[in-house]
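Input: one structure, supplied below.
FYI, it's all coordinate maths here, none of it is from the lab. Small disclaimer: the values here were computed from a predicted structure and weren't measured. So basically every Cβ, Gly included, is an ideal-geometry build from the backbone, and we count neighbours across all protein chains shown.
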Amino acid sequence: MTLNQDMSTPLAADIAAIAAIGAVPTILQLMSRITGLRFACVARVTSESWTACAVLDQIDFGMKAGDQLQLDTTLCNEVRIGGGAIAIDHASVDPHFSGHITPRLYGFESYVSLPLYRANGDYFGTLCALDPKPAKVADPHTLGTLTLLADLISQQLEGESRWGASEAALLDARATAELREQFIAVLGHDLRTPLGSIIGGTDILLRKPLDEQTRFTVERMRRSGYRIAALVDDVLDFARGRMGGGIPLNLKATDALAADFEHVVAELRGAFPLRAIDSLIDIQAIIFCDRVRLAQLLSNLLTNALVHGAPERPVTLTALAADDVLRVEISNGGAAIAPELIARLFQPYWRGAAENAPAGLGLGLYIAAEIARCHGGALAVSSNDALTTFRFTLPLKT
């Protein structure tokens, strides 16, 4: 691998144009989760150079935005010349690529690369991904979905470069952002069907006699399927919130919210077996709410506290209904959150800087805040050197 960070001004502008597209990190994560490939990248490819503009690296490939590869060693150059996508499931046994130098040079077995174009039709580069392990990426359904992701970046390139040029350009950018969110909603909906098949298939397999290793693998597939399903739900909730309709609620009077909260705590104790959760849940009132959504709010807040809190300190939960108000407080120890960061906590796609943060989409706190807002409640946060506390309050209707 040859890396070179001596970038010309036009090349720096191209990298900045990709960085300005807020959806790119999410697109790279979606690409990785759809394909199973753990390295994904947006690359600027010219007749003379290959340059990384945005990178998702989960295999320590050792590349970041601005790094370059020798052009003639890349398959992205073949995409530039041919104008079509390249997809490889298993390079070492592939009839065309088993003897090709590129898979051996960069140590990958599975690979996919799709062309990106500017709005005027000029070639920009590629949306590409690879992994040292084989993976099924060449089927038409997967390539069709990845093509939609590449098209989304292509559509955004021109809009991002014109932001601020005039009022008309700003309106165009807003319209494009709405189309992007509509696309995300459609994509999330379309992913539900194959995900349902995968999860249903693992449920059937787990009912059959399996050896220990096979059962472990199937259970891992099942957990991964549910994790992706949760991510899809987050994306759909985000799209609904940003498109003006708000997160939909199924409001009913219930006396079972305490049991729902206890279930959330039990699930997270299982997911974080090394962490302590001290809980006090006393909700004896009838609550008019969407109990599933409030359980989701609690799960998002507790998960955030478990991920970002000091591991040696317990996370505390208090949920009480008194004086016509439902009050939920989640606290964790650890370093205080800087005031300038608190203002960003409820923004979408923002995950903070915890080293042990999962590779999520950064939508958990945003969705929790939207659930609170749609219920007519409030979600606030305070932080000092002793504790960080999230407080949800909901006036109870009488």
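Applying the Karplus parametrisation 6.51 cos²θ - 1.76 cosθ + 1.60 with θ = phi - 60° to the phi angles of segment 106-116, what ³J(HN,Hα) value in whole Hz is obtained for each residue in order, glycine and proline being reported as x?
In residue order, the calculated couplings are 9, x, 10, 10, 10, 7, 8, 8, 10, x, 10 Hz.
If R₀ is 45 angstrom, what is the calculated FRET efficiency for the pair residue 119 and residue 203, using the beta carbon separation as r and rounding to 0.05?
Details: r = 45 Å, r/R0 = 1.01.
For residue 119 and residue 203, the calculated efficiency is 0.50.
Going by average Cβ neighbours within 10 Å, how do the peptides 365-378, 88-101 rank, with the highest at the top?
365-378, 88-101
Which lysines, if any, have their Cα less than 26 Å from the Cα of residue 136, not counting same-chain residues under 8 positions apart?
64, 208
Counting only residues 5 or more places away or on other chains, whose amide H sits under 5 Å from the amide H of residue 276 once H atoms are built in the peptide plane?
Amide H neighbours of residue 276: 315.
Out of the DSSP beta bridges found with both residues in segment 31-120, what percent are antiparallel (nearest 5)?
If I count the DSSP bridges inside segment 31-120, around 100 percent turn out antiparallel.
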